[in-house]
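Participant: I am attaching a structure below and will ask some questions about it afterwards.
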Amino acid sequence: MPSRRNSNQPPKTMTWAKAVPVLVVCLIFDALRFMFEQFWLFAPLFIGVGTSALVGGGTAGHVAGTVVGGAAGIFGAGAIEVLGIVMAMAVGFLGWMTVGLMLVITDARIFKENAGNALWMLFSLGVSEVPLVGTVPVLTATTWKMYHAQIKKERKALKQYEKEQAAVREQEREIQARQVMQVMQMRAAEEEQAANDEDYGGEEIPADTREAA
């Protein structure tokens, strides 16, 4: 009897180990977006550090970096803030596109088995593009939520599959045991018939004798 489990492959299952690379990319884009959302704070620091490095470090470098960074923060605050918002929106959009493409390539089931995930990603993209809201790691949170739901669903399906396959194996063992028993009974009957034939010297056993036996 052919085994059913040979023609029935186990369902594909997503794991957190497979999801980690995508989540790391999400964290990187969320961190970059946070930095640009707070660019009014980070830009003067970057300018100051850059100036200090150009001057050559030391006391003069630190003084120059502090002065230039402070001046940039005071006089260029408006331009820096606008630039930060624009860059945050650009980085956020690029992050969603990158992660979406990675999901399609590495785990298309996350959309095929739950069409709502695509709508959820678009909604979250719209929310994350709102200024200041982007400081929240929406990309990471949304992707983690989708993975969590998928992994939970596919683990449940795998357990159901394993339960069904265990039942199939048990049924196969019972069938094989009955087949072995039937073969043993047939062999016992053949041996008994051969013994009876030998007792009668190869002569045909009378019908009444066989019935009596």
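Participant: Quick check for you: with a 1.4 Å probe and neighbouring chains kept, what is the accessible area per residue of the range 100-176, in Å²? Spell out each step's value before the answer.
Facilitator: Working: 4780 Å² over 77 residues.
Solvent-accessible surface per residue comes out at 62 Å².
Participant: Could you give log10 I(q)/I(0) at q = 0.23, 0.30 Å⁻¹ for the range 94-143, computed by the Debye formula over C-alpha point scatterers of equal weight, without solvent?
Facilitator: -0.84, -1.23
Participant: Return the sequence-ordered ³J(HN,Hα) values of the range 11-18 in whole Hz as given by the Karplus equation 6.51 cos²θ - 1.76 cosθ + 1.60 applied to θ = phi - 60°, using x for Gly and Pro.
Facilitator: x, 5, 10, 7, 10, 5, 4, 6
Participant: Would you pull out the residues with amide H under 5 Å of Asp107's amide H, same chain only if 5 or more places away, H placed 1.01 Å from N?
Facilitator: Result for Asp107 returns nothing.
Participant: Next question, about the same structure. Can you check what the net charge comes to around Met181, using other residues whose Cβ is under 14 Å from the Cβ of Met181 (Lys, Arg +1; Asp, Glu -1)? Spell out each step's value before the answer.
Facilitator: Details: positive: Arg173, Arg178, Arg187; negative: Glu174.
It works out to a net charge of +2.
Participant: Another question about this same structure. Cα gyration tensor of the range 94-178, axes a ≥ b ≥ c as square roots of the eigenvalues: rounded (a/c below 1.5), prolate (a/b > b/c) or oblate?
Facilitator: Note, shape of the range 94-178 comes out prolate.
The values are calculated or read from the model by the stated rules, or taken from the named source; none is laboratory data. This is a predicted model, so every value here is computed, not measured. Every residue, glycine among them, receives a Cβ derived from its backbone with ideal geometry; neighbour counts consider all protein chains shown. Each accessible area value is taken on the protein alone, full model and side chains, heavy atoms only, with ligands, DNA and RNA left out. Shrake-Rupley method; radii C 1.70, N 1.55, O 1.52, S 1.80 Å.
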